[in-house]
1. So if each residue of separation counts as 0.36 nm, and I subtract the Cα-Cα distance between L261 and K40, what length gain in nm does that give?
2. Run the dipole for segment 2-216 about the Cα centre, Lys and Arg Cβ at +1, Asp and Glu Cβ at -1, nothing else charged, and hand back the magnitude in debye, nearest 20.
3. Okay, helix-only estimate at 222 nm for the chain: each DSSP H run of n ≥ 4 adds -39500 (n - 2.57), divide by all residues, round to 500 deg cm²/dmol; what do you get?
4. Can you tell me which of G51, G105, G130 moves the most in a GNM of the chain? Springs connect C-alpha atoms under 10 Å apart.
5. Starting from the Kirkwood radius over alpha-carbon pairs of segment 225-308, derive D by Stokes-Einstein at 25 °C in a medium of 0.890 mPa s and give it in µm² s⁻¹.
6. What FRET efficiency comes out for the pair D211/K292, r = Cβ-Cβ distance, R0 = 41 Å, nearest 0.05?
7. Rounded to the nearest 10 degrees, what's the angle between the helix 68-78 long axis and the longest principal axis of the chain, both from Cα atoms, 0 to 90?
8. Among V164, N66, I207, whose Cα sits farthest toward the positive end of the charge dipole of segment 2-216 (+1 at Cβ of Lys/Arg, -1 at Cβ of Asp/Glu, about the Cα centre)?
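We did not get these values from a lab; they are worked out from the coordinates using the rules stated. Since this is a predicted model, take the numbers as computed values, not measurements. FYI the Cβ positions are ideal-geometry reconstructions off the backbone, even for glycines, and counts take in every protein chain you see.
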Amino acid sequence: MVSVIIVTYNGEKFIERLIKSVAEQTFRDLELIVVDNASKDKTVEIISEFGKNSDFPLKIMMPEKNLGYTGGVNSGIRNSSGDFILILNQDTYLEKDFIEKALKGFEDKEVGLVSGKILRFDRKTIDSTGQFLSLSLYPVERDYNKKASDIERKREIFSVCGAVAFYRRKTLEDIKIDDEYFDEDFFMFFDDIDMGWRANIRGWKGIYVSDAIAYHFRSGTASGSGKLFLTFKRSPFIQYHIIKNRYLTLIKNVKVFQFILHFPFIFFRDIVYLLVIVKNPSILKKLLSSVKIFKKAFKKRKKVWMKNY
């Protein structure tokens, strides 16, 4: 069985199209779990109406408060029963054979993560064909902004884009820390590369399957240097999580010698964060108040690497 998990928050603009694309999948042994993070629009109403005529199990979870993306996903995973877990952003939708074709990527038992070809809503531009790490150890979406083409059917990747992320349950159980699959200190952002990095440390492989096609809206899309400085356009709330999670990811996953080797690239890449903080000093204050979270990351690091020492 495949468990499809969607975390929603004020997603009425996209959610009907997404759920219909799940319902139309050629692969039928699936369940859908929606975790709504206290939406104030008609998201839950739309999902509930759809559920009345659904021919597969559909569960709507409504926590009393916003658990963040990572907390919402974890709630969905804990309440799922599939051997494979497909996690979808609310601003995505799938081709009808996406799950059927993506599952072929798991034929090798060492594969724990699968990415399909994720296109933008224009159906022509690539959003992601998996992730890799740059010299600054920063996550990069492979083939980002390229025109869609017949890229090789399968290839190894480092991680999967969180918008359409397919995992083997055994992988999730192997990399979870205590009772958390996704790190709930992240709240949102960088959770996908953190998951992929931990999976790599444990020896799991990631695979890209080109004929499994999905679509992602990706608001605020930029290219080249514009994407680097997109952080300036974010709200202080999001800027805080981006900066915090960048370093939580490094603390937990990077080897010491690897950090030293890549430090010059990390330093110059992250100057942008210093500029963001100068522009909005309240972010620095919030980062300093998050000392406990960073201390926890060092403890989690020991558990990430425990089986590999």
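1. On the way: separation 221, 0.36 × 221 = 79.56 nm, distance 4.70 nm.
Using 0.36 nm per residue and subtracting the Cα-Cα distance, I get 74.9 nm.
2. On the way: 31 positive and 38 negative charges, 118 e Å.
Dipole of segment 2-216, to the nearest 20 debye: 560 debye.
3. Values: 12 runs with 119 residues, N = 309.
Calculated from helices alone, the mean residue ellipticity at 222 nm is -11500 deg cm²/dmol.
4. G51
5. Details: Rh = 14.0 Å.
Here the translational diffusion coefficient equals 175 µm²/s.
6. Computed FRET efficiency for D211 and K292 comes out at 0.35.
7. 50 degrees
8. Value computed over the given set: I207.
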